[in-house]
Amino acid sequence: TTTTTTSTTTSSKGKFLTHEQDGQELLHTTLEAWNATMGPLQLALEIVTNLLTCWIPLEGDHPMEYTDSIKKAKQHPLQQTLEGLQFGPGMVHMLQTLCQFDEYYHQQPPPPQIYDNSDDKENPICTDVQEAIGKTCACLSNCLLSGILWSNDHVDTAEDRMVKTWQILMQCLVQKLATMTTTAAATETSSSVVTDGLTSCMVVLLQKQRQGSSPSKAFIRKNDVQVVSQLLLTTSATSNKDTTPRMGIETQRNAVCILSMIVLSGVDGVGKDDDYDMESLVRTLTHTFVNVLLSLSSSSSSSSSAMMSSIPVGTEILNAFMDWYGQDDFYPHVFDEWNVLQAIQQYLAKLQPRPEHLQSVIGPEDEEILYNAQRFVEYKQEQQQFAK
């Protein structure tokens, strides 16, 4: 056997590894230890998420039935155990830790040996962390829906936990946006798992906030609105020279839903501390939504993949406009100022006539929204004719 002599580097702390074989063995040992930790963690998250689903009240339940469902769930021994373990707040802190690890690891270039396949440049550790973030977000959402996170204790009230959870979600989202902007993560499709999960949690949190006894709790700030709006601006850019990170369709749809609910709730916190009155908020968001609709309508053809994949975003914007401006006294001058009716008409016209392959990607919920949008256009046109 022929051996090759190599020089070794020593220090007061011992000898550094210099042989490639030793390095590979250490790397594989480390990855095995990592998998032994992350595998059970992800499996546990999936199991608990599914268990919590059983305690979520059905959509459309009467308020009394909804309350009864929550009370019955709280009497279950397993849920009492989870509450005793502070499981909901624990999920929030674990999500924060995973997001911090994801941010740190993207700032550190991984060794090339970490990739098992030279053609696959997805970092397996980053992928695992991002998948864990997505599953933690799903589990946290079910904690919110089942009421575990809101259980009062001697430390925090339900409202306090709502505020803290929102702040942590926003912090994680801001960190992820910054990481995607400054690193190669902007091109990784797996990064959308993180933004999808975070924004989905934010949607659920606002839904619970609107159902609460104090829906005007001041925990949303002007900067929060700007961050969520950024999710729309980065996805609606069409320039090939644009280097901003592009969000997934699910993230963009969640962003529209979040902004719409902020307006519908009339959250006092948006204006109190930041001198951001509701009319300014409505005007800004209306302008943003109109621009996104026009961008979607300007695609080369209705059969383009971009048009097909973005339909959930377009219908969510239509739904927001109908929720807002379906009320005749809801800032009608803003509606006219940004030509909302013309933007809706242009978008609907882009989907007509609807090819068969496009019909297959439109779900029942989106189909209903498109139908209601057409009725909404007719109603507004009748109003305009009557005004004349």
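The values are calculated or read from the model by the stated rules, or taken from the named source; none is laboratory data. Please read all numbers here as calculations on a predicted model, not as lab measurements. Virtual Cβ from ideal backbone geometry, glycine too; neighbours counted across all protein chains shown. These accessible areas exclude ligands, DNA and RNA; they are computed on the full protein's heavy atoms, side chains included. Shrake-Rupley method; radii C 1.70, N 1.55, O 1.52, S 1.80 Å.
Can you tell me which condition Glu279 does not meet? The list is (1) of a type outside the set (A, V, I, L, M, F, W, C); (2) at pLDDT 55 or above; (3) under 21 Å from the mean Cα position of the chain (by Cα); (4) assigned to a helix (DSSP H, G or I), and all the others hold.
Against the list (1) of a type outside the set (A, V, I, L, M, F, W, C); (2) at pLDDT 55 or above; (3) under 21 Å from the mean Cα position of the chain (by Cα); (4) assigned to a helix (DSSP H, G or I), Glu279 comes up short only on (3).
I'd like to check which helices (runs of 4 or more DSSP H) are fully inside the stretch 63-150 and have at least 3 residues that are buried (at least 18 other Cβ atoms within 10 Å of the Cβ), modelled with pLDDT of 90 or more and not basic (Lys, Arg).
87-107, 124-146
Looking at the stretch 379-388, which of the residues that are farther than 15 Å from Tyr347 by Cβ and charged (D, E, K, R) is least open to solvent (accessible area, probe 1.4 Å)?
Here the answer is Glu382.
Can you work out which of the residues in the stretch 151-179 that are of a type in the set (Lys, Arg) and modelled with pLDDT of 85 or more is farthest from Glu83 (Cα to Cα)?
Only one residue tops the list, namely Lys176.
Tell me, which residue of the stretch 45-56 that is open to solvent by less than 80 Å² (accessible area, probe 1.4 Å) and over 22 Å from the mean Cα position of the chain (by Cα) is modelled with the highest pLDDT?
Among residues in the stretch 45-56 that are open to solvent by less than 80 Å² (accessible area, probe 1.4 Å) and over 22 Å from the mean Cα position of the chain (by Cα), the one modelled with the highest pLDDT is Leu51.
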